[in-house]
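To keep things clear, I will list the structure first and then write my remarks on it.
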Amino acid sequence: MSIPTEPIGSIPRSPELLAGLADHAAGRISSDDLDALYDAAVRDTIKRFEELGSPVVTDGEQSKPSFATYPLQGVTALAPDGAVIPFADGHTRQLPRLTAGPFRYGVRVGSYLTAAQRHATVPVKQAVIAASALSLLYPQDGIAGYDRDQFVADLIAEAEADIRSALDGGAHRVQIDFTEGRLALKLDPSGGVLGSFIDLNNQVLARFSPAERARIGVHTCPGGDQDSTHSADVDYALLLPRLFELNAGAFFVQLASEAEPERALRVIADHVRDGQQVFVGVTDPIDPVVETPELVRDRVLRAAEHLGTERLGTTDDCGFSPFGDDTSTSRDTAFAKVRARIEGTALAAAQLGV
């Protein structure tokens, strides 16, 4: 396909896996039994992607507790009362709070990549959480004997090692999930928090060569959890110009669910830099209506009018189940939307003659 298309990351967990997670929490099955369920869910996810003709696949994040907290598995210096993220429908997600240093990841994504590659016959991409999101673990009142500068230095080193574990493992692309970018403008309309997030992430990206950064992408969306968002009410035009200051090679940009997609495309066209590729969202994971290939085609054609075809790709607006307990979208609906994205992108490529 001459217009590339890639998933974001998460797919709703299989019913068997969800039942197994409940059984494991209740002590009814062993950790080995749960690991077998994880592997079966990853295998089925990749099989379904490949049956749809997806040129790039993910493991659907089947074995991650969430896209944001996977590095914290096994980390003990945490308290449950960290930063709270409110969503428009009234529900919240809460991060833990770091209680002692030094900060170290408990899990690196290279292990997820290796598990997925055992089942895949096409390239595998790997999502990682942004350092800026994990910076929220550090408490505002500090940690005795471990100041914020020490934490940030450790965080940058750990984020680099996480990305390298996937690049060295042969990931097609490593995608940094930066959903907190738009939320930052809600928390601080002056843009100061967003600026600090971009600076922190660029410090991580600066540790990679230009060739490596070409394989690193950044994903932005207004959050997508239990059919709600945390920052869709923030003007996209305030985020997008700053987004392309990140020194990454690709950007995965929510667009299908955007109220004013034409306006967003104009801003993207004005600020995307040479050498940066833009994957526009053409399906909305939290809309229960499955897009038709023709609707996807029209969204791709509209994007091509603003961005041309050489730098254009397509994706989903967000992951379909970024938190492991989100069952608001069915697995079948998610894959139906993936099918529409793949087929609609092909229709647009044919019409554009590329």
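Residues checked against (1) over 16 Å from T5 (Cβ atoms); (2) assigned to a helix (DSSP H, G or I); (3) touching a Leu at 6+ places or on another chain (Cβ under 9 Å):
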site: E262; (1), (2), (3): yes, yes, no
site: I268; (1), (2), (3): yes, yes, yes
site: D274; (1), (2), (3): yes, no, no
site: P288; (1), (2), (3): yes, no, no
site: E305; (1), (2), (3): yes, yes, yes
Would you please name the residue that is surrounded by the fewest Cβ atoms within 10 Å (Cβ to Cβ), looking only at residues in segment 159-177 that are over 17 Å from G9 (Cβ atoms) and charged (D, E, K, R)?
D168
Only one of (1) open to solvent by 10 Å² or more (accessible area, probe 1.4 Å); (2) free of Cβ contacts under 8 Å to residues at least 40 places away in the same chain; (3) in a helix (DSSP H, G or I) is not met by L240, so which one is it?
(1)
Taking segment 99-134 and the residues there that are within 18 Å of T69 (Cβ to Cβ) and among the charged types (D, E, K, R), the one that is least open to solvent (accessible area, probe 1.4 Å) would be R108
Here is a list: S135, S190. Which entry is part of a loop (DSSP other than H, G, I, E, B) and among the hydroxyl-bearing types (S, T, Y)?
S190
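Return yes or no: is E51 out of contact with any Asp or Glu (no Cβ under 8 Å at 6 or more places or on another chain), buried (at least 18 other Cβ atoms within 10 Å of the Cβ) and of a type outside the set (S, T, Y)? Walk me through it before giving the result.
Working: out of contact with any Asp or Glu (no Cβ under 8 Å at 6 or more places or on another chain): yes; buried (at least 18 other Cβ atoms within 10 Å of the Cβ): no; of a type outside the set (S, T, Y): yes.
Taking the combined requirement at face value, the residue does not satisfy it.
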Within segment 70-90, take every residue that is in contact with a Ser or Thr (Cβ under 7 Å, 6 or more places away or on another chain) and part of a loop (DSSP other than H, G, I, E, B) and give me the one that is farthest from A133 (Cα to Cα).
D89
Would you confirm whether or not segment 200-216 contains a residue that is over 20 Å from the mean Cα position of the chain (by Cα), modelled with pLDDT under 95 and outside any helix (DSSP H, G or I)?
no
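The values are calculated or read from the model by the stated rules, or taken from the named source; none is laboratory data. What you see is a predicted model; the values in this text were computed from it and never measured. So basically every Cβ, Gly included, is an ideal-geometry build from the backbone, and we count neighbours across all protein chains shown. Only protein heavy atoms, including side chains, enter the accessible area calculation; ligands, DNA and RNA are left aside. Shrake-Rupley method; radii C 1.70, N 1.55, O 1.52, S 1.80 Å.
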